[in-house]
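Colleague: Here it is, the structure, as structure tokens.
The values are calculated or read from the model by the stated rules, or taken from the named source; none is laboratory data. Just so we're clear, the structure is a prediction, and the values are computed from it rather than from any experiment. Don't worry about glycine lacking a Cβ; one is built from the backbone with ideal geometry, like all the others, and counts go over all protein chains shown.
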Amino acid sequence: MIEKIGIDKIGFYTPEFYLDLTELAHERDVDPNKFKIGIGQDEQAVVPLDQDVVTMAANAAVKILSADDLAEIDEIIFATESGIDQSKAGALYVQRLLGINPRARALEVKEACYGATAALQTAVDHLIAHADSQKVLVLGSDVARYGVATAGEVTQGAGAVAMLVTRQPRILALERTSAYFSEDIMDFWRPNYSDTAFAKGKYSTEQYLRFLDLVWHDYQAKTSAELADFAAVLFHIPYTKLGLKGLRQISADSNTELQESLLAQFTKATVFNRRVGNIYTGSLYLSLLSLLQNSDLPANARLGLFSYGSGAVGEFFTGTLQPRYQDVSQQVNVAEMLDQRQKLSVSEYETFFNQALPTDGSEMVITPISKNATFYLQGMTDHQRLYK
Ligand code: CAA
């Protein structure tokens, strides 16, 4: 019998500040329904200067890891497309901040929003290959930035997901067969010199849907699966309307009952994404967390997951919910975390957006403003970030 491997714990962190997208629409002279219905987003997380991808990842992980976990993790994979260093892995900072076992591999992976899926599949492979390995920590942490008053502005966001991958997982056992497809295209990218992403907006959405079509049909050819085998299908969510288009695409030939039940689960799986925005690598897993905390699917329900990273890689993979998934996935109360955030005016958001760390080696001391965070960025000196 194949041993079960998958997600045993899942945690999340998002900044304590947000922007209301109706207010943004008024300020940008756009009909608010374009943002709320056309794009499908209500709010957007705004990152303050005392948080970055490292602190967000550490803040997501600290809420779920026990002392035993810290001692038993022997691989830490940090997925990001908004990393803080071209060379050093964000995983090393998180290892020190959390006090994770030093006899661990720590590395960073990148392939746009697909990075956390690459990390998750690598974690599974690590546990298959190393019988003595118990636990792998997968982190997906990003700040999605397009720029003030750009077309992409409404699809910004920030946050981190932490997942503990083990044998006999208590949340989601991953099935081994998946379908993936990669092709060198320019739909979305961020050159080293830019702190905002470039996107060919409409083209990127067409590629997302083309890759979905390719990997879903490949998956069906490999496994003879049908859409009706899945209780829910989860999507990478750059904004909820695109996931909805993906769902409509794969369910176009299904009967009305199946379409309606998948749509009902999709709605539950995007409650949090509507309020956080795009968190790039973590977005699919924030959608999973939204489903886990807002739905009451039975144990053994089968989920399909579509991961997409621009550039581009797509993957369709699957898993089954485990008997204790409802208890175990409540370690972080995401709805409460979102309700406790402080709303920023559009001009306050623009001020946050334009704050920058020094790039000339000079010293900067940052006054902490993230009251509920365990870890924060204290400042910079000699080109190094100082964390507390
Ligand atoms: N009421 C209701 N709906 C309205 C409306 C109104 N008053 N006004 C417009 N809309 C609808 C439009 O009809 C359109 O709907 P459809 O997509 O169903 O046609 C929708 O609102 C969006 O309108 P536009 O296409 O005119 O929007 P836009 O040109 O301003 O750009 C965007 C939208 C391309 C998503 C842009 O925000 C963008 O570039 N975002 C960043 C790139 C991105 O997220 N790409 C996603 C795929 S890439 C990926 O997945 C990786 C990743 O995470 C980045």
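Colleague: For segment 191-202, give me each residue that is more than 9 Å from the ligand (Cβ to nearest atom) and within 19 Å of Y308 (Cα to Cα).
Modeller: So the first thing to find is which residues in segment 191-202 are more than 9 Å from the ligand (Cβ to nearest atom), and the list is 191-196, 198.
Passing the criteria: only F198.
Listed here are the residues, each with its yes/no results for (1) buried (at least 20 other Cβ atoms within 10 Å of the Cβ); (2) more than 16 Å from the ligand (Cβ to nearest atom); (3) modelled with pLDDT under 95.
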position	(1), (2), (3)
A123	yes, yes, no
H126	no, yes, no
V143	yes, no, no
A158	yes, no, no
V165	yes, yes, no
A173	yes, yes, no
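Colleague: Right, next: Within segment 72-113, can you find the residues that are over 21 Å from K388 (Cα atoms), in contact (Cβ under 8 Å) with a residue 24 or more places away in the chain and of a type in the set (G, A, S)?
Modeller: Those that are over 21 Å from K388 (Cα atoms), in contact (Cβ under 8 Å) with a residue 24 or more places away in the chain and of a type in the set (G, A, S): A79, A104, A112.
Colleague: Moving on. If you check Q51 against the conditions, is it surrounded by 19 or more Cβ atoms within 10 Å (Cβ to Cβ), under 19 Å from the mean Cα position of the chain (by Cα), within 16 Å of the ligand (Cβ to nearest atom) and of a type outside the set (A, V, I, L, M)? Walk me through how you get there before you give the answer.
Modeller: Numbers: surrounded by 19 or more Cβ atoms within 10 Å (Cβ to Cβ): yes; under 19 Å from the mean Cα position of the chain (by Cα): yes; within 16 Å of the ligand (Cβ to nearest atom): no; of a type outside the set (A, V, I, L, M): yes.
No, not satisfied.
Colleague: In segment 196-205, which residue that is part of a helix (DSSP H, G or I) and within 21 Å of the chain's Cα centre (by Cα) is farthest from E315 (Cα to Cα)?
Modeller: As a first pass, look at segment 196-205 and keep what is part of a helix (DSSP H, G or I): 201-205.
Still in the list and also within 21 Å of the chain's Cα centre (by Cα): 201, 204-205.
Details: G201: 21, S204: 16, T205: 16 Å.
Within segment 196-205, the match that is farthest from E315 (Cα to Cα) is G201.
Colleague: Which one of these does G361 not meet: (1) farther than 21 Å from P238 by Cα; (2) of a type outside the set (D, E); (3) touching a His at 6+ places or on another chain (Cβ under 6 Å); (4) touching a residue at least 60 places away in the same chain (Cβ under 8 Å)?
Modeller: It fails just one condition, (4).
Colleague: Here is a list: A151, A232, A221. Which entry is surrounded by fewer than 18 Cβ atoms within 10 Å (Cβ to Cβ) and away from the ligand (no atom under 16 Å from the Cβ)?
Modeller: On the way: A151 fails: away from the ligand (no atom under 16 Å from the Cβ); A232 fails: surrounded by fewer than 18 Cβ atoms within 10 Å (Cβ to Cβ).
The unique qualifying residue is A221.
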